[in-house]
Amino acid sequence: MPGAVVILAPPQVSKVKNLVILDNRTFAEFILERCEGLKVADGILNERAQAMNTRKYKHGLTLVEMLVVVTVIAILATMVIGIASLIDTQSKEKGVKSIFVLMEGALQEYHEFTGSFPQQPEKNFLNAPAHSETLYRELSSIPSSRDILEKISDSLIEIENKYGAAQTPPELYDPWGTALDYKYDILSDNFPELTSAGRDKKFGTADDINNR
Ligand SMILES: [Ca+2]
Ligand SMILES: [Ca+2]
């Protein structure tokens, strides 16, 4: 068409060529530079990972901390064992007092029937099993006393025979397995004396339990 203005499109320039022109470098140099950049970034990431690992190591338990933990566990275990032992002792002490109540009842019945308590004037804890045998034999001879004796657990009577010792008259034991001592002297005592050797199984020590 005559007189028409023809507008030509601007020449297409590739982005890569643009970079080459702007930075005045070859494409190969550009790629190499980018690769270097990636290596640097990779190095930084490695350093960070190492730093994190170091921090993790620091958060682990040191030897001193381990010792503290072990000590605390040992103290707690000792406390638990101590409390269990205390509860066991208290329960056995209550058991002894219950036996004394029954024995006193049986002794009262014996006194009602005979007008006196079984005689056992010797004061010697070494002979406690023999003293206990005397008491058991006497109480068993009176029906109303024997009825009360039968309420006492079999586990507290005649333990020595259960372990194969020579057959001897039965006697009474405390929950720790020591024969109960019995003493009554009509000339000096108002009421018979019953004694358990207590937890330490020895007579004459502070933990002895007496009915008086
Ligand atoms: Ca015996
Ligand atoms: Ca004792």
Q.
Being out of contact with any Asp or Glu (no Cβ under 9 Å at 6 or more places or on another chain), loosely packed, with under 14 Cβ neighbours inside 10 Å and either more than 17 Å from Arg212 (Cα to Cα) or modelled with pLDDT of 95 or more (or both): is that true of Ile75 here?
A. yes
Q. Quick one: is Met79 in contact with a strand residue (DSSP E or B) (Cβ under 8 Å, 6 or more places away or on another chain), part of a helix (DSSP H, G or I) and away from ligand 1 (no atom under 15 Å from the Cβ)?
A. no
Q: Evaluate the range 147-155: report whether one residue or more is within 14 Å of ligand 1 (Cβ to nearest atom), over 29 Å from Thr89 (Cβ atoms) and without any contact (Cβ under 8 Å) to a residue 60 or more places away in the chain.
A: no
Q. Does Glu133 count as touching a residue at least 12 places away in the same chain (Cβ under 8 Å), within 16 Å of ligand 1 (Cβ to nearest atom) and part of a helix (DSSP H, G or I)?
A. yes
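For every residue, the table says whether it meets (1) acidic (Asp, Glu); (2) assigned to a helix (DSSP H, G or I).
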position	(1), (2)
Leu67	no, yes
Glu112	yes, yes
Ser116	no, no
Leu126	no, yes
Q: Scan the range 110-124 and give yes if some residue there is within 16 Å of ligand 1 (Cβ to nearest atom) and under 21 Å from Glu93 (Cβ atoms), otherwise no.
A: no
(Q) If I ask for residues that are loosely packed, with under 15 Cβ neighbours inside 10 Å and free of Cβ contacts under 8 Å to residues at least 60 places away in the same chain, which ones from the range 92-125 would you list? (A) Lys94, Ser98, Val101, Glu112, Phe113, Thr114, Gly115, Asn124
Q: Looking only at the range 177-212, count how many residues are buried (at least 16 other Cβ atoms within 10 Å of the Cβ) and within 16 Å of ligand 1 (Cβ to nearest atom).
A: 5
(Q) Any residue that is assigned to a helix (DSSP H, G or I), within 40 Å of the chain's Cα centre (by Cα) and in the same structural domain as Gln108 (by TED's automatic domain parsing) - is there at least one of those in the range 167-175? (A) no
Q. Just one of the numbered conditions (1) more than 16 Å from ligand 1 (Cβ to nearest atom); (2) within 28 Å of Asp88 (Cα to Cα); (3) touching a residue at least 40 places away in the same chain (Cβ under 8 Å) is not true of Asp174; which one?
A. (1)
Q. What single numbered condition from (1) modelled with pLDDT of 95 or more; (2) touching a helix residue (DSSP H, G or I) at 6+ places or on another chain (Cβ under 7 Å) fails to hold for Leu156?
A. (1)
Q) For the range 182-208, what are the residues that are polar (S, T, N, Q) and more than 6 Å from ligand 2 (Cβ to nearest atom)? A) Ser188, Asn190, Thr195, Ser196
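The values are calculated or read from the model by the stated rules, or taken from the named source; none is laboratory data. These figures come from a predicted structure and were not determined experimentally. Glycine gets a Cβ as well: all are built from the backbone with ideal geometry, and neighbour counts include every protein chain shown.
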